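The block underneath contains the structure these notes are about, expressed in structure tokens.
Each reported figure results from applying straightforward, stated rules to the coordinates on display, with no laboratory input. Every value quoted in this text rests on a predicted model; they were computed, and no experiment measured them. For neighbour counting, all protein chains shown are included, and Cβ atoms are generated from backbone atoms with ideal geometry for every residue, glycine included.
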Amino acid sequence: MRKVFVTSSALSLACALPGAAFAADASQAPAGTLSNGSAVTAVTLKAANGISATILSFGATLWKLNAPDRDGKVADVLLSYDDLASFETHPNYWGATIGRYGNRIANGQFTLDGKTYQLPQNDHGQSLHGGGKGFDVQNWKVESVKSGPVATAVFSLVSPDGDAGYPGTVKAKVTYSLDEQGNLKIVFDATTDKPTVLNMTNHAIFNMAGEGSPRDATQDLLTIPASHYTPVSDKLIPTGELRDVSGTVFDFRKARLVAEGIRDGRDDQIVKGRGYDHNFALDKGVTKTPELAARLEDPVSGRVLELLTTEPGVQFYSGNFLDGTFIGKNGHVYRMGDGIALEPQKFPDAPNHPNFVSTRVDPGKPYQHVMIYRLSTASR
């Protein structure tokens, strides 16, 4: 494990000098011990503009994301736990790397090359986010931590053949990088030795007013450049249809408050999801480089999050199952709508829908998903 540190005085000097090479700092520190005795590491990446991200090796989890508002006041915009024990005893995917398969697979089953595979059924008979035994509850290896013009942290994990029912030994890697402008890039890489399915993403829960703010995330303005979404059954499994958003509460092609549609019981999809818990089929489709998938703005503080991805979809989840039983950071009780997730990915249950973009990965053809959280502020 290589560690590269920059002192605060050196960082300040580097940021002040034109063309200086060092503008982002990376450091690591112990974050506690899991019940099995393995040590968890916290890696912090800091940009010169006050934006910083802290990642835990447990779940390769984006734990904290600090961003200034238009007046320079910094707040953590991620819902999460304060203590490591809660991540183990009450896992909620918050900020975690999700795999092998982000989102739901119907009945926990899929067929590949004529063979049917059975996965853990951890969500009302469905398999969700790896079936409860996924990448989010594994302690990843910290491969490298480096400061520089772009601060980086690399985490790796080996998922053996048959892990949670999935075929193939998968070697996964997640690279977090923060540049001097405060753009946080996350790159998911993986290889397999047998045909398998993969759909990796990050499950951060945002409130751009700041975690624990009395102004919940439904007061944020949301834009999603998608003309269609995938309607779901009462078990939140896609029906296979790509439905036009025109004239519905699922039309976010122009920015509007999340709260405007979240209680519209006239739309059966809102009733089924208890709000928004739906995949949007991005107009851009699959792209070689990350393109805009969503924009989230708190109009009061001015904090803006832009999500870019190479994937064809984004799952918008409005925190519908936050029910006041979760005690998060700073002793805050999280309730419905206190945070929202925007998870870039291929479509839910894609292995069972031939018309969806394939999630198949074969030996010799590595998997990669590149996403970016771009933080900024909007003027009044």
Sorting F110, Y334, T310 by the position of each Cα along the dipole of the chain (Lys, Arg +1; Asp, Glu -1; all at Cβ), the one nearest the positive end of that ordering is T310
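Provide, for region 210-348, the number of lysine pairs with alpha carbons under 17 Å apart, each pair being eight or more places apart or on different chains. Could the numbers behind the result be given before it?
Values: K235/K272; K254/K284; K284/K346; K288/K346.
Here the count comes out as 4.
Starting from region 271-358, pick out the trypsin sites (Lys or Arg not before Pro) whose DSSP state is loop and whose Cβ has at most 10 other Cβ atoms within 10 Å. Numbers along the way, then the final one.
On the way: sites: K272, R274, K284, K288, R295, R303, K329, R335, K346; in loops: R274, K284, K288, K346.
Here the trypsin sites (Lys or Arg not before Pro) that fit, given the DSSP loop and packing criteria, are K288.
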Which residues among region 152-173 fall inside the zone where the amide N is under 17 Å from a point 7 Å beyond the Cα of Q118, along Cα→Cβ?
162-167
Taking 0.36 nm per intervening residue step and subtracting the Cα-Cα distance, what contour gain separates D193 from I327 on full extension?
44.2 nm
Just to confirm my numbers, what's the Cα centroid distance between region 130-162 and region 33-89 in Å?
15
Dipole size in debye (nearest 20) for region 2-377 around its Cα centre, Lys and Arg Cβ +1, Asp and Glu Cβ -1?
620
Would you work out which of P231, Q345, G261 lies farthest towards the positive end of the dipole of region 231-380, given +1 charges on the beta-carbon of Lys and Arg and -1 on that of Asp and Glu, about the Cα centre?
Q345
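Quote to one decimal, in nm, the extra length available between R266 and T287 on full extension: 0.36 nm per residue of separation minus the C-alpha distance between them. Walk me through the numbers before you get to the answer.
Values: separation 21, 0.36 × 21 = 7.56 nm, distance 3.51 nm.
Separation in residues times 0.36 nm, less the Cα-Cα distance, equals 4.1 nm.
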For a quick check: with amide H placed at 1.01 Å from N, whose amide H comes under 5 Å from K346's, ignoring anything fewer than 5 positions away on the same chain?
none
I want to check the label-to-label distance for N36 and V74. Put each point 7 Å from Cα in the C-beta direction and report it in nm to one decimal.
3.4
Estimated inter-spin distance, R215 and D234, nm [label 7 Å along Cα→Cβ]:
3.9
For region 2-377, just say rounded, prolate or oblate: build the C-alpha gyration tensor, square-root its eigenvalues into a ≥ b ≥ c, call rounded for a/c under 1.5, and beyond that prolate if a/b exceeds b/c, oblate if not.
oblate
Relative contact order (percent) for region 2-377, with alpha-carbon contacts under 8 angstrom and 6 or more residues of separation?
17
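Tell me what the chain gives for mean residue ellipticity at 222 nm when only DSSP H runs of n ≥ 4 count, each as -39,500 (n - 2.57), the sum divided by the residue total, rounded to 500 deg cm²/dmol.
On the way: 3 runs with 21 residues, N = 380.
So the calculated ellipticity at 222 nm is -1500 deg cm²/dmol.
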